[in-house]
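Enquirer: Quick one: this structure, given as structure tokens, is what I'll be asking you about.
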Amino acid sequence: MRYALRSMRKSPGFAAVAILTLALGIGANTAIFSVVSALLLRPLPLQDPAHLLVLSNSNPRRGLSGIPFSLSTFETIRDTNQSFSGVTAYANETFTLTGTAEPEQLVAARVAPNYFEVLGVLPKMGRGFFEAEGHPGGNAVVVISDGLWRRRFGADAGVLGRSINLSLHAYTVVGVMPAGFSFPYAGVDCWVSKVIEYSGFHPEQIQHGGGFLYATARLKPGVSAQQAESELALIDQRIHEDRPGNPSSDPDAHVDAVPIQESLVSGIRPTLLVLSAAVGLVLLIACANVASLMMARATGRAKEIALRAALGASRGNIIRQLLAESLVLAVAGATFGVLLAQVGVAWLSQSRNVNLPASDTVRLDLPVLAFALAISLATGIIFGLAPALQSSRPDLNGVLRDSGWGTTGGARRHRARAVLVTAQIALSIVLLIGAGLLIESFRRLQTVDAGFQPHHAMTMTLNLPPTKYPDDIRRTNFLHQVLDRLQALPTVESASASLALPLAAAILSPVLGEGQPAVPIGQRPLATWNAITPGYFKSLGTALVAGRDINWADDAMAPRVVIISQAMATHLFGKENPIGRHLTYSMRDVTTEVVGIAADVKSRGLAADSGMTMYTSYAQYSWPRVNVALRTSGDPALLARSARAQVYALDPDQPVVGLQTLDDYLDSTLAQRRQTMVLIAGFAAVALVLAVIGLYGVMAYSVSQRTMEIGIRRAIGAQTGDILRMVLRQGLLLSLSGIVIGTGAAFGLTRLITRMLFQVKPADPWTFAAISLLFLTVSLAASFIPAWSATRVDPLRALRR
């Protein structure tokens, strides 16, 4: 080992290049593995998490999954199943904390009383919920997170029993959860019971079977997930038969039971697997590159190794010595790779664009460091074994006569390096084609017409406390005053409010057009339901194609009105004019008159179809949580402070959150795709550089080995162009071999990222052709330098060698 270190010190340039190459490969793999370990491999901080399942509805025909349950469906599953020792429920909730400092909007979970017991985690201080506290009329109590306890209460143990104001309602703090407990979703600040008081729905929506609950169930000992799914299917069938009018009683709908860890990462698992494959390819390319470097270095050490063999060193001794040098390089590369990984992990866990679930758990812990050590040892053996085997068979007579390695050994080594370079090129082509497909997908996604104009607009979110604004009239009056104040601000052209913003459908409602056959609610088509105030379409920059806009006169006392999208008009009324026609929506079979048609807007993401969208008057059907949109003639970001001040002037206890321009909002919906594309493209760029360096090294080595041949060719009349063509032809053959193998592999492998592509086929011929042409151009440039060097060979000096 000491000799290996001395050997590295004698060749600092070689050592630096090899260590940097390995550091890039090992660092990238370690960083991605830290995320995979945290999200896929590390056990959740729950009791026997393998026995926990998350239950939800899905409907493949409608393209829907992860649909929440109605309260009645949850209660039926809870009370009639034989597979679970406990079933609990939860729904996302939002509260405004007041009375302790500046108002703060909290991320909350409304849960069944047995929530903590089913998960098997109890508060570190105080207690959870009593059963009676989950029923109407029970005490209003709250369990807070460790983060909120420290942030707003100074980690005071006396917080237990204290009364705090959540959305102007008094709750008693009864418990504090352990640090790191963030279920059912990341960032939750507090948990309250009484799921029936969920503020996202009107009470009648809950009574009529609106879906808002997800369930978590713990399997009984000895019961498998498959057995539980079979029983859930029977329960689901009974629900459909007993409640044919229930919204969830669609014959194509069924209950899904997913392991809790899988449910947390279902949205990011494909991305993690693709990134893991990409960094794995980068590491293989790095190994091939370093192996090629070591073979070139072995040429200069031919006499040293031959002398060792002549003095009695066995082949095993030589192999062990050369592998020791490889392991020294690998460990050094791993050391710097871990430092690079630390930077990468910090960026991955803190970047808003990556949007990792439970990102606070991503870290370089002992298993991750063990992984880094394991891959460093594996890479040391992988890239060191081939050069060690080649170098351990020197041509003693040829080397000791100072005539080089001998024809057979030199040719053998050249072929080995050529194979390594071909492999590097092929692997790089796979990565480059994958990156090219993602880049083209992202480019096309950016050109999609979302149905609204994001420029010169901003948005913010208000959450009106039900205690202070309990009905449509009071919520509408407050919003009307806020919007009037905002409309009066300089540069504001339009101000409006809505239940949801484009690209983020909040509620789906069953609809039935006038004159269509009556079918059960569960079998009716679904439309995105948005409640809006006057001026919404102007604020969003969406065209009103026909009819009129909503106005403030469309209040609770006026006949119900609706504006529908063009897609909805076509689906429900065909070529007939829908203005003045009626439709029925919601679980309550509300009948309303169509007064306008709006242009189609993407409501479920840019990559999804626009689908049907309906807009009702906020004054006729309101929600506590609303999004305010402002259209301005100047920079909308400059209005943030003024807009917040106008809200506080009317209600000092009303926090304003989510202040952002509509451009930033649209950009955030593409963040995950963009970051995946950037990471894959970055890995592909590294692979391209390594492959080009490897090709250059092989060509330079080949030219140095053929110096005498080139000198002879020059002496008998070969021209500069002849020498250039000869060397470039060799580089071209290597490149074409790698490109053919790589494109063939990519043709099969790119099908694994089909779901990540948008309007681009996995075997897109233009992408394959462009990447092949790009690599061919770059490889010819890499081959040109050694080729040009070959034309400078002096025949006399070459023949005297």
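Enquirer: Run the quick spin-label model on L373 and R644: label points 7 Å from Cα toward the beta carbon, then report their separation in nm to one decimal.
Expert: Taking the simple label geometry, L373 and R644 are separated by 4.8 nm.
Enquirer: How high is the FRET efficiency from S266 to A608, r the C-beta distance, R0 22 Å, rounded to 0.05?
Expert: With R0 = 22 Å, the Cβ-Cβ based efficiency is 0.80.
Enquirer: If you don't mind, another one. Of all accessible surface on the chain at a 1.4 Å probe, what whole percent is carbon and sulfur?
Expert: That share works out to 59 percent.
Enquirer: Same structure again: Can you tell me the accessible area per residue over the chain, all protein chains present, probe 1.4 angstrom, in square angstrom?
Expert: Solvent-accessible surface per residue comes out at 43 Å².
Enquirer: Sketch the reach of a paramagnetic label on D48 as a point 7 Å from Cα along Cα-to-Cβ, and name the residues of segment 76-91 whose backbone nitrogen lies under 18 Å away.
Expert: Under 18 Å, as judged by backbone N against the label point of D48, lie 81-88 of segment 76-91.
Enquirer: Can you list residues from other chains, or at least 5 along the same chain, whose modelled amide H is less than 5 Å from the amide H of S496?
Expert: Amide H to amide H, under 5 Å and 5 or more residues apart or across chains, S496 pairs with A629.
Enquirer: Can you give me the relative contact order of the chain as a percent, contacts being Cα pairs under 8 Å and 6 or more apart?
Expert: Values: 1442 pairs, mean separation 130.9, N = 801.
Reported as a whole number, the value is 16 percent.
Enquirer: Using semi-axes √(5λ) of the Cα gyration tensor in Å as the read-out, say which of [x] 51, 40, 23; [y] 63, 32, 25; [z] 45, 39, 28 was calculated from these coordinates.
Expert: Here semi-axes √(5λ) of the Cα gyration tensor in Å agrees with entry [y].
Enquirer: Once phi is turned into ³J(HN,Hα) by the Karplus curve 6.51 cos²θ - 1.76 cosθ + 1.60 with θ = phi - 60°, what whole-Hz value does each residue of segment 779-785 show in order, with x for glycine and proline?
Expert: Per residue, the Karplus-derived 3J(HN,Hα) values read 5, 5, 5, 5, 7, 5, 5 Hz.
Enquirer: Based on the Cβ-Cβ distance from E197 to A101, what FRET efficiency comes out when R0 is 25 Å, to the nearest 0.05?
Expert: 0.45
Enquirer: Once amide H atoms are placed 1.01 Å from N in the peptide plane, what residues at a sequence separation of 5 or more from D256, or on another chain, have their amide H within under 5 Å of its amide H?
Expert: Those lying under 5 Å, H to H, from D256 are S56, N57, S58.
Enquirer: Can you list the aspartates and glutamates whose alpha carbon sits under 17 Å from that of K602, skipping same-chain ones fewer than 8 residues off?
Expert: Hits, sequence-local ones excluded: D449, D663, D664, D667.
Enquirer: Report, by chain and number, residues whose modeled amide H sits under 5 Å from the one on V545, excluding near sequence neighbours (fewer than 5 apart, same chain).
Expert: Residues meeting the amide H criterion: I597, A598, A599.
Enquirer: For segment 592-656, what relative contact order do you get, as a whole percent, if you take Cα pairs closer than 8 Å and at least 6 residues apart?
Expert: Once divided by the residue count of segment 592-656, the mean separation gives 13 percent.
Enquirer: Where does the charge balance sit around V36 when Lys and Arg score +1, Asp and Glu -1, over other residues with C-beta under 14 Å from its C-beta?
Expert: Result for the neighbourhood of V36: +1.
Enquirer: Turning to a different aspect of this structure: How high is the relative contact order of segment 490-576? Use alpha-carbon pairs under 8 Å, at least six apart in sequence, and give a whole percent.
Expert: About 29 percent, as a whole number.
Enquirer: Kindly provide the helix-only [θ] at 222 nm of the chain, computed as the sum of -39,500 (n - 2.57) over DSSP H runs of four or more divided by all residues, to the nearest 500 deg cm²/dmol?
Expert: Values: 24 runs with 388 residues, N = 801.
Theoretical 222 nm ellipticity from helices: -16000 deg cm²/dmol.
Enquirer: On a 0 to 90° scale, report how tilted helix 225-242 is relative to the longest principal axis of the chain, with both axes built from alpha carbons and the result rounded to the nearest 10.
Expert: 30 degrees
The values are calculated or read from the model by the stated rules, or taken from the named source; none is laboratory data. Because the structure is a prediction, the values reported are computed rather than measured. Because the Cβ atoms are built from the backbone with ideal geometry, glycine has one as well, and the counts that use them run over all protein chains shown. Heads up: the accessible areas ignore ligands, DNA and RNA and are worked out on the full protein's heavy atoms, side chains in. Shrake-Rupley method; radii C 1.70, N 1.55, O 1.52, S 1.80 Å.
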